Amino acid sequence: RGVRGGMTDTDEDDGSSTSSLDVPSDVPGLEGVRYLHNLFPEEFLEELDEIRVGLISSSASSNMYANRRFLRSNELARKVLSYLPKELGYTHVLSDMRFIEYPPGGHILPHVDGVRRDQETSSGAESTTSFLLFTEEIPEGEGGETEFLESVDDDAKVLFGARPNRGSILLFPHGVAHRGNCVGCWPKVLLRGDLY
């Protein structure tokens with residue numbers, strides 16, 4: 001049986017699910033949200049794993065229960081960009097990135113992402129889009145979804161939940177409200193960055 005959108009080919013879609021591997025195209029508030037799969041080869045993901053474990057872990061900020069590992073790498077930024085489809089129109093990934101590691105019980109409260117200024121180019125352009133490149137797989141029902149919300153309120157309606165899938169990348173405009181759903185027994189690990 002094949003898998004599409006988090007369901008097997010024989011499952012019925014009653015329209016009630018808000019968690020899958022495919023962003024619904026007809027939901028207001030999800031404009032510009034893309035979840036792309038099978039773009040990054042396993043060799044590149046293994047390179048990311050090696051880079052991550054060699055970085056110092058930093059305690060999380062006040063809105064998250066997760067650890068971060070910061071890095072600045074033009075080479076890595078160029079590699080990430082090279083795997084994205086050209087038709088998406090992105091021209092630059094900022095070199096300041098971070099790995100985020102959610103332990104069991106880890107989460108990030110509802111928020112929107114801030115704009116970052118590109119210090120690497122003479123234009124000083126501002127980023128428009130956040131990316132989450134997942135380096136660990138979390139099985140269905142184990143939590144850890146990045147949930148897109150109607151607003152930044154704790155009780156806001158969930159519009160879509162992207163389940164972490166190793167090698168998949170989630171792209172979304174900075175101003176889209178979202179949170180990291182509580183992780184169950186499986187750790188959630190991702191590379192977080194910005195682009196335009």
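The values are calculated or read from the model by the stated rules, or taken from the named source; none is laboratory data. Note that the structure is predicted; figures quoted are calculated from it, not measured. Methodologically, a virtual Cβ is constructed for each residue, glycine included, from the backbone with ideal geometry; neighbour enumeration extends over all protein chains shown. Side chains are part of the model used for accessible areas, which takes the heavy atoms of the whole protein and leaves out ligands, DNA and RNA. Shrake-Rupley method; radii C 1.70, N 1.55, O 1.52, S 1.80 Å.
Miscellaneous remarks
- Here the dipole of region 106-196 is about 180 debye; that uses its Cα centre as origin and unit charges on the Cβ of Lys and Arg (positive) and Asp and Glu (negative).
- Applying 1/(1 + (r/R0)^6) with R0 = 30 Å to the Cβ-Cβ distance of residue 140 and residue 51 gives a FRET efficiency near 0.60.
- For the chain, share of DSSP beta bridges that run antiparallel, in % to the nearest 5: 95
- Of the whole protein surface, residue 160 contributes about 0 Å² of accessible area at a 1.4 Å probe radius.
- Neighbours of residue 84 by Cβ distance under 15 Å: Lys/Arg scored +1, Asp/Glu scored -1, total +2.
- Taking Lys and Arg as +1 and Asp and Glu as -1, the other residues whose beta-carbon sits under 13 Å from that of residue 111 total -2.
- Descending by average beta-carbon neighbour count within 10 Å, the peptides 126-139, 100-113 line up as 126-139, 100-113, the highest first.
- Counted by Cβ distance under 15 Å from residue 144, the other residues give a net charge of -2, where Lys and Arg count +1 and Asp and Glu count -1.
- At a probe radius of 1.4 angstrom, the accessible area of region 45-196 per residue rounds to 45 square angstrom.
- Calculated mean residue ellipticity, 222 nm, the chain: -3500 deg cm²/dmol, from DSSP H runs (n ≥ 4) at -39500 (n - 2.57) each, averaged per residue and rounded to 500.
- Descending Cα extents along the principal axes, region 83-196, whole Å: 44, 28, 24
- Quotient of the Cα radius of gyration of the chain and 2.2 N^0.38 Å, N being its number of residues: 0.99.
- For a straight C-alpha distance cut-off of 15 angstrom, the aspartates and glutamates reachable from residue 157 (same-chain residues fewer than eight places away being disregarded) are 145, 147.
- By accessible area, using a 1.4 Å probe on protein heavy atoms only, region 116-196 has 47% of its surface on carbon and sulfur.
- Whole-Å distance, taken between Cα centres, linking region 141-196 and region 34-93: 15
- Dipole magnitude (debye, nearest 20) for the chain, charges at Cβ of Lys, Arg, Asp, Glu: 740
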